Structure formats: C-alpha cells, structure tokens
Amino acid sequence: MNRKRRMWLVILAVSIAAAWIIFIKERFVINDPSPTVSFVQKHMTNSNGTLATYLQDAPSQDPNIVAGREALSESVGLWMQYAVSKNDQVLFEQSYDLLKTYFLMPQDYIAWKVDADGTSHVTTNALGDDVRIVGALLKAADQWEQGREEKLATASDIVRTLTQSVQNKGYYVDFHDFSNGSSSDTLSLVYVDLQALHAMEQHEMLEPGTYIKYESLLKNMPDDGVFYPKAFNVVTKEYTYDDTVNLIDQLIVANHLTATDRRPDKLIAFLKKEFDTRHQLPGQYKRMGRTPAVSYESPSVYGLALLLAVQSSDPKWANQLYNHMITLRSLDNAYPGGYVFDGDTHMFDNLFPLLGETELQKFLEK
C-alpha cells in the first residue's frame, strides 16, 4: 500500500471516529441544570427544607410505611449524592444541615423517616440509607476543604453506631431497633454499597478485612442465569430470592457489582433484549418465567440503568435509556421537570433519574 493511500485511510478513520463521537454527543440533549431539580425544590420540599416522599399529602396508616409528605433518610442520601456529583457545595451543606437537625438522633443513628414537620416517631435505622449518607459525607470531605473535619467526625460517629449496634453474626444487617435492642437477621444485597464501604475503609473507619468480606459476599453470590438474590441471611448464611423481582433492586446490586471484577453481563444482556423487544422496561418481572409482572414503568429503573450504562462505558445503551427516560418526565404539565403520574410521584422516582442524567453528563464531558 503506497504512502498516499495509507494516509488517506488514516484520515478517513479519524474522520469517522470524530463523526461518531459528535453523533453520540449530539443525541443527548441534557438540560443543565436539570428541570427535575427545580421540580424537587418547588414541589417536593417541605417548609422546613426536608424532602417529601410523595407529591400529594396523605395520612399515615402504618408507622412502618412512609406516607404523604413524610421525609426519608433515603432522600437525604440521594440528594447529598447529587450535590457531590454536581460539585454543588451549597446544596450539600443544606442537606447536611437537614441530616443533623432532623434525622441524626442523639444515639448517633439515623432515623429512617420523619414527619413533614421534622418530628421523628421511629426508633429504627435503614442500613442502605446510612451507608449511602456516609459515602456522600466522605466524598464531600475529600472534595471540599471547608467543614472537612466535621463531616469526617459525623461519618465516623454513624459508622461506629453501625458497627456497635447494627450487626448480627458479624455482618451489618438491614436495621436495628434502638428502643428494644433487636436487629434484623437479613442483609439485603442492595445495601452492600461497595463504593461507600471502600471509602469507609480508606478513612480507617472499618476493621481490617471488613471490605473484603462484603466484596466477597457480592462476588460469590449466585444468580439464576439473569437475576440476583434479594438478600443474605446472616444466621443461616443462605442467599434468598424473591419470586417477583424488582428491577430497582436488581439494578442497584448490579451497580454495586461494578466495583468488583465480576461484571453484571447477563442482567445487562437481558435488559437490552427486553428493551429492544418491548421498547420499555416494566418495573417488576416474574423470576422463573422472565416475564413482566406489572405493566407500569418506573423512572428509577431507567435512572439506575443509566448509571449502569455509564459505569459500563456504553454510550449507545445510555443514549437509548436517557432518551426514553425523559419521555416520562413532565407528562403532567402542572409539574414541569417532575416524573409525575396521575398527579403524584415518589421522591426516588425523581432522584435516581437525576443522578443518572448527572453522571451521564459528566461521562460525556470527559
């Protein structure tokens, strides 16, 4: 091959690669800031600054189930993660103040929910929320010098409480009741947040070998060919499955797995095939038949799948997910930017999509 022809082929290859990059990026029309942020701040924020779980208010019928404008520690953690991801220190500090004012109890545990006015009536924590919040605090401490020591101290206090009280048979478990001293015997796999646990280890807040134990728990868990178990029983040391699987749970576990060398390839392949066939991802599936158990779509599913696509460096799949996800946004003209259906929405159905599009934007800017 002569030099001129070789040069022409090189130029052609470079041109095609550049055109592909431009094509991929132009397929994403990402508003910055996202209109979902305005929706959350305008419609989902209580007068005291806490984040309401539902758009519409409703009385609580069961103290163990969230209702109406009650606020969750889950929402605090996700909002903190968003603030860190956007490098928004002001927003993070506001969230941190809410955590300390309303959710962090004198015994250094985080109440899993509070009333709309900030009053707490529960005496239990939620492990996954705690670990998410600690992870966000540690990232914030590493990202911003202002207030670093206080954030590290808060994170350390929370981890100390988890280690002293929220363990059973040497494992963290889903919750501990601080009024009667009882603990769960179950560790839901969605709570095994390896990125946060790794940060806790790096900041010397865990006993040596703790992170490896939880990494092994995920790396060595079984699957049924597509789906992962729901939980690990710390007493019997058995993994358990649900007959009906929630894709939110599956995707959270898959995102945790990306911190290991075990890739969630089978789940990703299944989801891609389902999306290609159905042009949507129903929120739940029957595990044995691999068929949808519900007809509804969950914005959280797309937000979490988008995070997984970014973690997998898969712009084509990210493009499909993002473009479909935002069709579910602002279906109700009264609430622009929100994922509102039949006049109501759940906070996580706004925060997971928000995290997904934020990480996608950072991915495209690299």
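Would you check which residues across the range 46-65 are assigned to a loop (DSSP other than H, G, I, E, B), open to solvent by 10 Å² or more (accessible area, probe 1.4 Å) and within 13 Å of residue 345 (Cα to Cα) and list them?
First, pick out the residues of the range 46-65 that are assigned to a loop (DSSP other than H, G, I, E, B): 46-50, 53, 55-65.
Subset that is open to solvent by 10 Å² or more (accessible area, probe 1.4 Å): 46-49, 55-65.
55, 56, 57, 58, listed by residue number.
Which members of the range 346-357 meet the condition of being touching a strand residue (DSSP E or B) at 6+ places or on another chain (Cβ under 8 Å) and open to solvent by 10 Å² or more (accessible area, probe 1.4 Å)?
Listed by number, the list holds a single entry, 346.
Residues that are surrounded by fewer than 21 Cβ atoms within 10 Å (Cβ to Cβ) and in contact with a Ser or Thr (Cβ under 7 Å, 6 or more places away or on another chain) do occur in the range 86-98. Of the strands (runs of 3 or more DSSP E) entirely within the range 184-251, those holding at least 2 residues that are under 17 Å from residue 162 (Cα atoms), among the polar types (S, T, N, Q) and open to solvent by less than 40 Å² (accessible area, probe 1.4 Å) occupy 186-188.
So is residue 117 over 30 Å from residue 31 (Cα atoms) and either touching a residue at least 12 places away in the same chain (Cβ under 8 Å) or assigned to a helix (DSSP H, G or I) (or both) or not?
Details: over 30 Å from residue 31 (Cα atoms): yes; either touching a residue at least 12 places away in the same chain (Cβ under 8 Å) or assigned to a helix (DSSP H, G or I) (or both): yes.
Answer is yes for this residue.
Scan the range 144-162 for residues that are more than 17 Å from residue 126 (Cα to Cα) and either touching a residue at least 60 places away in the same chain (Cβ under 8 Å) or surrounded by fewer than 15 Cβ atoms within 10 Å (Cβ to Cβ) (or both) and the total you get is 6. For the range 317-341, what are the residues that are out of contact with any Gly (no Cβ under 9 Å at 6 or more places or on another chain), outside any strand (DSSP E or B), at pLDDT 95 or above and open to solvent by 30 Å² or more (accessible area, probe 1.4 Å)? If the condition is that a residue be out of contact with any Gly (no Cβ under 9 Å at 6 or more places or on another chain), outside any strand (DSSP E or B), at pLDDT 95 or above and open to solvent by 30 Å² or more (accessible area, probe 1.4 Å), then 320, 323, 324, 326, 327, 336 are the ones that fit. When you look at residue 313, is it under 26 Å from residue 263 (Cα atoms), of a type in the set (Gly, Ala, Ser) and either surrounded by 17 or more Cβ atoms within 10 Å (Cβ to Cβ) or out of contact with any strand residue (DSSP E or B) (no Cβ under 8 Å at 6 or more places or on another chain) (or both), yes or no? Taking the combined requirement at face value, the residue satisfies it.
The values are calculated or read from the model by the stated rules, or taken from the named source; none is laboratory data. In this text the structure is predicted, and so the values were computed from the model without any measurement. Neighbour counts run over all protein chains shown; Cβ positions are idealised from the backbone, glycine included. In case anyone asks, the SASA skips ligands and DNA or RNA and just uses the protein heavy atoms, side chains included. Shrake-Rupley method; radii C 1.70, N 1.55, O 1.52, S 1.80 Å.
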